[in-house]
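The values are calculated or read from the model by the stated rules, or taken from the named source; none is laboratory data. Every value quoted in this text rests on a predicted model; they were computed, and no experiment measured them. Neighbour counts run over all protein chains shown; Cβ positions are idealised from the backbone, glycine included.
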């Protein structure tokens, strides 16, 4: 975007840029001024009080600006600055820069002075660009939602009609049939059809809640052995003739912090699929333990899945057999649930040999879960608020942790790959995240998917305006700039938890 405005070149009498324009720049906050020469070298940098850039004034003055801009942006700016200086007119140019994987957008108003220099008033237009992107995203989402609605209606009209026809048809037969054996048969068909209708309705409701981020998850200590045996007991009567249901569990008791109902929901779905496609052999429920996760698997000796379908089966409405009963939503919902539980789900299969569906959930060895309540001090600790600190620097971690330990229970996370596991297992009341973590949108998004309302405070390495903005954009609740005093940190925390 470019705008040309002819100007009259009037040389200012005082060339002390810092003194002459400081008041003006402060009034234009958060805008700032770069002064370039005709060769695109920094002559001066004028910023409002309190605003710090990616580089200091001393680092920039006299340097070729091409060192700090992407090649295509350097070409755009240098060409327009030279053109403005040589032809004595002003111009507005919009450009971007990238830092730490984040793209920032600016508008630069170029005004030539002295025949060899240009004042460039730089304005942050990130909010405007983001609004435009949000509008486009909302439009795409609306179009996708409309397509999904049409697909849902098309699928549901077929899936609901089939069992509903059975219910209506066999209800009519049941009213006129006198033979006990046939009446029993018809009642069985009606029962199975109504169960299928209920499953379809539940799938649709689950899908809508999960995609709206409204699905409820309740994490608590869960006995894994009891959970698996309950699942197995539910499905033993459903086994086909010639198919056995087996379990493979560790000998010791396992306690894990998770949502037991959601885990059972996924297990039910995987076992139902296994039963549907297994005519002989066995279905095995297995649990394996390691230090960081529990792995659940459901393996069968069924028909298997074609290789080209392995990735697609977790999509909405995907069905291996278009004639089989079901909505094609079960695996998609299972995948969404497991990701919200902090794990992942995978499948391995060979045609005519069977399939293995596996999923993980975060886990910590049982010994770490046992709480010693032998004295009053530890009982008090149990009711204190819990704060998770995410920090890659051990020194910074110790400093922040020392500030908080007297009043709060502190959970320290240095390995960023274990953030989600620790978050689920420890269930903190507030998160303090270094900019390294707060600047990673994937980390914040995963935390928000588990608990949307938890306060997340980013610890900026300085008072950089850009770091603060990036953290808020990624979903953090607030930002505190380092170095901070214990009282300042306490004030920030107290604003969110009491």
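Across region 415-428, what is the number of residues that are part of a loop (DSSP other than H, G, I, E, B) and surrounded by fewer than 18 Cβ atoms within 10 Å (Cβ to Cβ)? Steps first, please.
So in region 415-428, the residues part of a loop (DSSP other than H, G, I, E, B) come out as 415, 427-428.
Next, from what is left, pick out any that are surrounded by fewer than 18 Cβ atoms within 10 Å (Cβ to Cβ): 415, 427.
So the count comes out to 2.
For the structure I just gave you, tell me whether residue 433 is touching a residue at least 12 places away in the same chain (Cβ under 8 Å), in contact with a strand residue (DSSP E or B) (Cβ under 9 Å, 6 or more places away or on another chain) and assigned to a strand (DSSP E or B). Step through it out loud before you land on a result.
Details: touching a residue at least 12 places away in the same chain (Cβ under 8 Å): yes; in contact with a strand residue (DSSP E or B) (Cβ under 9 Å, 6 or more places away or on another chain): yes; assigned to a strand (DSSP E or B): yes.
Yes: the conditions hold for residue 433.
Taken together, the residues in region 349-392 that are over 26 Å from residue 450 (Cα atoms), modelled with pLDDT of 50 or more and not assigned by TED's automatic domain parsing to the domain that holds residue 262 amount to 0.
I want to confirm something. Restricting to region 207-225 and keeping residues that are loosely packed, with under 12 Cβ neighbours inside 10 Å and at pLDDT 75 or above, which single residue is nearest to residue 338 (Cα to Cα)?
From region 207-225, those loosely packed, with under 12 Cβ neighbours inside 10 Å are 212-214, 216, 218, 220-221; that's our starting set.
Of the ones still in play, those that are also at pLDDT 75 or above are 218, 220-221.
Numbers: 218: 13, 220: 16, 221: 17 Å.
Only one residue tops the list, namely 218.
For region 101-115, taking the residues that are more than 31 Å from the chain's Cα centre (by Cα) and not in a strand (DSSP E or B), the one that is farthest from residue 78 (Cα to Cα) is identified as 114.
No other residue among 447, 472, 480, 457 is assigned to a helix (DSSP H, G or I) and surrounded by 15 or more Cβ atoms within 10 Å (Cβ to Cβ) apart from 447.
Given the condition under 20 Å from residue 97 (Cα atoms) and either at pLDDT 65 or above or in a loop (DSSP other than H, G, I, E, B) (or both), answer yes or no: does some residue in region 9-23 qualify? I'd like the intermediate steps shown before the answer.
Taking region 9-23 as the starting set, the residues that turn out to be under 20 Å from residue 97 (Cα atoms) are none.
No.
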